[in-house]
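Report on the following structure.
The values are calculated or read from the model by the stated rules, or taken from the named source; none is laboratory data. Note that the structure is predicted; figures quoted are calculated from it, not measured. Virtual Cβ from ideal backbone geometry, glycine too; neighbours counted across all protein chains shown. When the accessible area is computed, the model is the full protein with side chains, heavy atoms only, and any ligands, DNA or RNA have been set aside. Shrake-Rupley method; radii C 1.70, N 1.55, O 1.52, S 1.80 Å.
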Amino acid sequence: GNSVTQMEGPVTLSEEAFLTINCTYTATGYPSLFWYVQYPGEGLQLLLKATKADDKGSNKGFEATYRKETTSFHLEKGSVQVSDSAVYFCALPKTSYDKVIFGPGTSLSVIP
Amino acid sequence: NAGVTQTPKFRILKIGQSMTLQCAQDMNHNYMYWYRQDPGMGLKLIYYSVGAGITDKGEVPNGYNVSRSTTEDFPLRLELAAPSQTSVYFCASRASGQNTGELFFGEGSRLTVL
């Protein structure tokens, strides 16, 4: 089945710094790819997604591009805010869309 | 719009006790899931269901049971609680169809087994 690898955290950045969280995947075909975010004390929520190769997903200033050549889906934001402090998960379907698998999560702390 | 509702939010159990974590969704989603989240380990799938009356095991089903008698509800049962089941449990749901992998999560249930 498909699998996902995500950079280890925790990551600590100053406000307005540039953020990159790496995600690479192994998959049969070209499944949709997702980034989820978990704010403290809450459940996960979808941040952005890309449904086919070369697609760019974006939301709340975050972007990720589905790159089939490098099998990557790195999350980026040009200027992080304190409110972006959360855990970020890369995800994709395991084999079919019945099951979704998640990376281990990357904890981000943004300090003023 | 309630979305996915989990109860209880917190629970402490003694070893060997039983309990049921409740999950309900009001979005008419066919697919429902139970995950557990352990520190630094991401989410592990316990059980899932593709519709009422149909359930299947995920990666870590041992020690748990589920049922799906209605589209709305997907309770998770722990029969003989063990310290290894101390975790945060998340219920999630999603709509049917290709390319609709977006999961909607509840707020989680934090379980401690002592």
Distant alpha-carbon pairs in region B:8-61 (separation over 13 angstrom), percent = 70 percent
Among the aspartates and glutamates, select those whose C-alpha is under 12 Å from the C-alpha of B:Lys57, and discard any that sit fewer than 8 residues away in the same chain.
-> A:Asp98
Segment B:Thr7-B:Asp38, length gained on full extension (0.36 nm per residue, minus Cα span) = 9.3 nm
Largest-first ellipsoid semi-axes for region B:37-104, taking √(5λ) over the Cα gyration tensor eigenvalues, angstrom | 22, 16, 9
Simple SL model, points at 7 angstrom along Cα→Cβ for B:Ala52 and A:Ser85; separation in nm is 4.5 nm
Taking the alpha-carbon centre of each part, the distance from region A:40-111 to region B:30-83 in Å is 24 Å
Between beta-carbons, use under 14 Å as the cut-off and find the net charge around A:Tyr39, counting Lys and Arg +1, Asp and Glu -1.
-> -2
Cβ-based net charge around B:Thr86, under 13 Å, with every Lys or Arg adding one and every Asp or Glu removing one | +3
Space enclosed by the convex hull of the alpha-carbon atoms of chain B, per residue, Å³ | 97 Å³
Charge dipole (chain B, unit charges on Cβ, about Cα centre) - positive-most of B:Ser49, B:Met19, B:Thr7 | B:Met19
Quick shape summary for the protein assembly as shown, equivalent ellipsoid via Cα gyration tensor, semi-axes whole Å in descending order, reads 30, 21, 15
Once amide H atoms are placed 1.01 Å from N in the peptide plane, what residues at a sequence separation of 5 or more from A:Asp55, or on another chain, have their amide H within under 5 Å of its amide H?
-> A:Tyr66
For chain A, modelled as a Gaussian network with Cα springs under 10 Å, which listed residue fluctuates most, A:Asp54, A:Asp98, A:Asp84?
-> A:Asp98
Paramagnetic reach from B:Thr20 in region B:66-82 [backbone N under 13 Å; point 7 Å along Cα→Cβ] = B:66-70, B:73-79
In whole Å and largest first, what semi-axes does the C-alpha gyration tensor of region A:1-48 yield when each eigenvalue is scaled by 5 and square-rooted?
-> 24, 15, 10
Sequence-distant lysines (8 or more away, or on other chains) whose Cα lies within less than 20 Å of A:Lys68 | A:Lys49, A:Lys52, A:Lys56, A:Lys94
Threshold 20 Å² - residues in region B:65-114 whose accessible area is reduced by that much or more when the chain is no longer isolated, probe 1.4 Å | B:Phe90, B:Arg94, B:Gln98, B:Asn99, B:Gly101, B:Glu102, B:Leu103, B:Phe105, B:Glu107
What are the ³J(HN,Hα) values, in whole Hz, obtained from phi via the Karplus relation 6.51 cos²θ - 1.76 cosθ + 1.60 with θ = phi - 60°, for each residue of region B:38-46 in sequence order, with x given for Gly and Pro?
-> 10, x, x, 10, x, 10, 10, 7, 8
For region A:29-107, what is the Kirkwood estimate of the hydrodynamic radius, computed as the reciprocal of the mean inverse distance between distinct Cα atoms, to one decimal in Å?
-> 13.0 Å
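Averaged per residue, what accessible surface does the protein assembly as shown expose to a 1.4 Å probe, in Å²?
46 Å²
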